[in-house]
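*Asks:* I'd like to ask you about the structure that follows.
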Amino acid sequence: MTIRQCSLPLLLSMLLVGWCAPVRPLAAQTVPAAQERQSNETPPTAETTHPDDAITDPESVVRSTSGRFALQAEAAGWAALLREHIAEFSPGAEAQNITPSLIRRLRQDISGILATEGYFSPQIQFRNLEEATTPAAAQGTAGNALKLIQVAVSPGPRTIIAEVGIHFQGALASAEPLAQERQQRLIHEWGLAKGQPFREDDWSEAKTQLLESLRADTYAAARIADSAANVDADQQRAVLALEVDSGPVFRLGELRVNGLRRYPSWLLSRYQPPVPGELYSRARLLEFQRNLQNSPYFATVAVSIDADPEQALAIPVDVSVVERRARDLSFGVGYSSNTGFRGEVAYRDRDILGKAWDLRSAIRIEQKRQLGYADIYLPPHDKQLDSFGVIADRQDLSGVLSLRNAVGIKRTSHRGLLEQRLALKLIRERKTVEGEPQEISKALVASIGWTWRDVDDAFSPRRGEIYQLDLDVSDKALFSDQRFIRGYGKYQRWVPVGKTDSVILRAEAGQVFAQGDAGIPEDYLFRTGGSTTVRGYAYQSLGIQHLNAVTGGRVMGVASAEYVHWLNSTWGAATFVDVGDAAETWRDFSLRQAIGIGGRYRTPAGPIALDMAYGRQSKRVRLDFSIAIAF
């Protein structure tokens, strides 16, 4: 490479016409090692001293020279960084006096930024285009000539990682198979491989990821003992060296609970706390924290440890909680196109009889439905939640007036993505169909159901799927008027399209196996139609057609396809096709079809949907309103 040498008088002349020598190639350099905290490391830079720039005589600079700077560079990421971090290259930069110190500072800033991207031998030239001089009419009041100084930058060859050396000390350096396996996994997951370009940000990020991986599991006090990036600018190669001290193996000790006043201390043991002697895992503590946070008893929860190597054999687990109030009284109003306007009063007591039993009760008055219920949930145990309750439910839908009273018990358990439900319910129902005699039916129903959820967001999914299967059995020999078996299945899938849109697919089907539908409560037969089933048809208006009413049938099938396009983070639009029906037998089954469009408004509880659908068979347009949430 040719290096120009300039005498001091000649350099002054060259500065006045906007010319300067290219940057010298940088000799091999070593990035200083960091102790413990990588944020204290000295990044690799290209400091180049130019004797030509060392102008000390202020009188040698023509005072009337002022102007702006414009960057001349290829369209690349490093050029964007220069424009972002050097104020003189911004579009709105003000004119300023062109001095040797300003030229030196710009040269150093450019070299420093390029060094963080792995360019240690840049070529930088300052060019003064005489034709860009501002006309005399636009000159300043002092007669200063405003010039456009073009800064031509060529980054030169990029430095490539030639070698990577990672060494471990502490407990991880032992010869035990688990420690050796962990070392190999860390080296395999290391983010900077040989042959990759060297960037300061990548170097820092790779060290951070390795350190966080260690601290998240077993080695809570891991640290970077030493690190260095040895850069040879002449050969465009970097040698990375890293010394990692894992510290001791951490095992969890006893719980230290702070903030528990109202509820008994044994309550925490029902939410799968870590066991003393268990290997430290950040994910395990977060799981325990999440379990407590999702419980009805605590408003906020924080679970942590103090990574003190002196207590590594049994590190105390600190649990800080803020308790919820034991009792709540709330009121609500709402509207649904299915059942009309709604008013509700709810009462909750989370500490019934001082046993942390959770009472949830409400009275809800809707135009087409009125109900009251009270359920008591016991504290969980072994990932199982037991409950029992009563309900009184009155409905007047599609010409069918029904009054249902029920009492039941239920157990819900979770295993990963799978939820299982077991229930036993005793039901008595009085049903009146317009123009027909009143019917009274009772049934003791045993139920089992499963739901498998794998979605990216529980309230507003964009990717994933849900499967649901329910089986109900009743027999005449056990307090029932009819022997029947009921099966029901549902499938939903969310398919992302582009960055924000999605396709929602839904299918559900069910059948009741019985000699007839007499004596079967309406809840265990099938009707469909409405905002969450077949839009364009009234709520539960598809079933067995009577003269002035619609009752439930023994078979049902529904399918839907919907495309949602989000206009911004809050508002969206949808188009959909729904088909479905309910009937006495599959021979009587006839798909009703609807097409429509709708609006979506995103809320923390899920999108609110307002849909307008046209029923092909009904030949009517209907508005449907619902809150679209994952079930």
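*Asks:* Rounded to the nearest 500 deg cm²/dmol, what is the calculated helix-only ellipticity per residue at 222 nm for the chain, with -39500 (n - 2.57) per DSSP H run of length n ≥ 4?
*Replies:* One gets -3500 deg cm²/dmol as the mean residue ellipticity at 222 nm.
*Asks:* Considering only protein heavy atoms, what per residue accessible area in square angstrom results for the range 519-631 with a 1.4 angstrom probe?
*Replies:* On a per-residue basis, the range 519-631 sits at 46 Å².
*Asks:* When the chain is fully extended, how far beyond the present Cα-Cα distance does I595 get from Q196, taking 0.36 nm per residue of separation?
*Replies:* The span from I595 to Q196 would gain 138.3 nm if fully extended.
*Asks:* Are there chymotrypsin sites (Phe, Trp or Tyr not before Pro) in the range 359-397 that DSSP puts in a loop and that have at most 13 other Cβ atoms within 10 Å, and which ones?
*Replies:* Within the range 359-397, no chymotrypsin sites (Phe, Trp or Tyr not before Pro) qualify (loop, at most 13 other Cβ atoms within 10 Å).
*Asks:* Restricting everything to alpha-carbon atoms, can you work out Rg to Rh for the range 455-599 with a Kirkwood hydrodynamic radius?
*Replies:* 1.06
*Asks:* Using only alpha-carbon positions, what ratio does the radius of gyration of the chain give when scaled by 2.2 N^0.38 Å?
*Replies:* Against the compact-globule rule of thumb, the ratio is 1.44.
*Asks:* A further question on this structure: Taking the highest mean first, how do the peptides 203-210, 177-184, 521-528 order by number of other beta carbon atoms within 10 angstrom per residue?
*Replies:* 521-528, 203-210, 177-184
*Asks:* Kirkwood Rh and Cα-based Rg: tell me the resulting Rg over Rh for the range 268-312, rounded to two decimals.
*Replies:* Rounded to two decimals, Rg over Rh is 1.00.
*Asks:* Looking only at the range 318-343, which residues have a backbone nitrogen under 19 Å from a spot 7 Å from the Cα of A302 in the C-beta direction?
*Replies:* Backbone N within reach: 318-324.
*Asks:* With r defined as the distance between the Cβ atoms of H546 and Q515 and R0 fixed at 25 Å, what FRET efficiency is calculated, to the nearest 0.05?
*Replies:* In this case the efficiency is close to 0.75.
*Asks:* Next up: Taking the full set of protein chains and a 1.4 angstrom probe, give the accessible area of F479 in square angstrom, rounded to the nearest 10.
*Replies:* 140
*Asks:* Cut-off under 16 Å on the C-alpha distance; same-chain residues fewer than 8 positions from K147 excluded. Which aspartates and glutamates are left, in chain and number order?
*Replies:* E88, E94, E130, E131
*Asks:* Return, ordered by residue number, the residues of the range 420-462 whose backbone nitrogen is under 20 Å from a label point located 7 Å along Cα→Cβ of Y373.
*Replies:* It comes to 420-431, 442-452, 459, nothing else.
*Asks:* So, one more: Please give the Cα centre distance for the range 367-385 versus the range 145-212, rounded to the nearest Å.
*Replies:* 54
*Asks:* Of K368/K431; K355/K442; K383/K410; K431/K619; K490/K619; K368/K442, which ones are farther than 25 Å apart at the Cα?
*Replies:* The pairs that break the limit, which is 25 Å between Cα atoms, are K355/K442; K431/K619; K490/K619.
*Asks:* Moving on. If you average the alpha carbon positions of the range 69-122 and of the range 293-350, how far apart do those two centres end up, in angstrom?
*Replies:* For the range 69-122 versus the range 293-350, the Cα centre distance is 52 Å.
*Asks:* Still on this structure: If you count only protein heavy atoms and use a 1.4 Å probe, how large is the accessible surface of H565, to the nearest 10 Å²?
*Replies:* Answer for H565: close to 80 Å² accessible.
*Asks:* Can I ask one more? Please enumerate, by chain and number, the aspartates and glutamates with C-alpha under 14 Å from the C-alpha of K194, excluding those fewer than 8 residues away in the same chain.
*Replies:* Excluding near neighbours in sequence, the set is E163, D202.
*Asks:* Would you kindly find the accessible area of M556, with a 1.4 Å probe and non-protein molecules such as ligands, DNA and RNA excluded, rounding to the nearest 10 Å²?
*Replies:* About 10 Å², rounded to the nearest 10.
*Asks:* Given 0.36 nm per residue, what is the gain on full extension from Q184 to R83 after removing their alpha carbon distance, in nm?
*Replies:* Full extension from Q184 to R83 adds 32.2 nm.
*Asks:* Roll a 1.4 angstrom probe over the protein heavy atoms and tell me the percent of accessible area of the chain that is carbon or sulfur.
*Replies:* Ligands and nucleic acids excluded, carbon and sulfur reach 55 percent.
*Asks:* Here's a follow-up. For V333 and R616, what does the FRET efficiency come to when R0 = 41 Å and r is the distance between their Cβ atoms, rounded to the nearest 0.05?
*Replies:* Working from the Cβ atoms, E equals 0.75.
*Asks:* List residues of the range 283-308, by number, whose backbone nitrogen lies under 15 Å from a label position 7 Å along Cα→C-beta of E323.
*Replies:* Residues 296-301 fall inside that zone.
*Asks:* So, one more: Please compute the per residue accessible area over the range 227-339 with all protein chains in place, 1.4 Å probe, rounded to a whole number of Å².
*Replies:* Accessible area per residue, the range 227-339: 50 Å².
*Asks:* How high is the FRET efficiency from A362 to E176, r the C-beta distance, R0 41 Å, rounded to 0.05?
*Replies:* The computed FRET efficiency comes out at 0.10.
*Asks:* Treating cross-link reach as a plain straight distance, find the aspartates and glutamates whose alpha-carbon is under 15 Å from the alpha-carbon of K499, omitting any fewer than eight places away in the same chain.
*Replies:* Filter leaves D456.
*Asks:* Continuing with this model, one more query. Can you compute 3J(HN,Hα) from phi for each residue in the range 151-165, using the Karplus curve 6.51 cos²θ - 1.76 cosθ + 1.60 with θ = phi - 60°, rounded to whole Hz and x for Gly and Pro?
*Replies:* Karplus-based 3J(HN,Hα) across the range 151-165 equals 10, 8, 10, 10, x, x, x, 8, 6, 10, 6, 9, 9, 10, x Hz.
The values are calculated or read from the model by the stated rules, or taken from the named source; none is laboratory data. Values in this document were obtained by computation on a predicted structure and should not be read as measured data. Cβ sites come from the backbone with ideal geometry, for glycine too, and all protein chains shown count toward neighbours. Heads up: the accessible areas ignore ligands, DNA and RNA and are worked out on the full protein's heavy atoms, side chains in. Shrake-Rupley method; radii C 1.70, N 1.55, O 1.52, S 1.80 Å.
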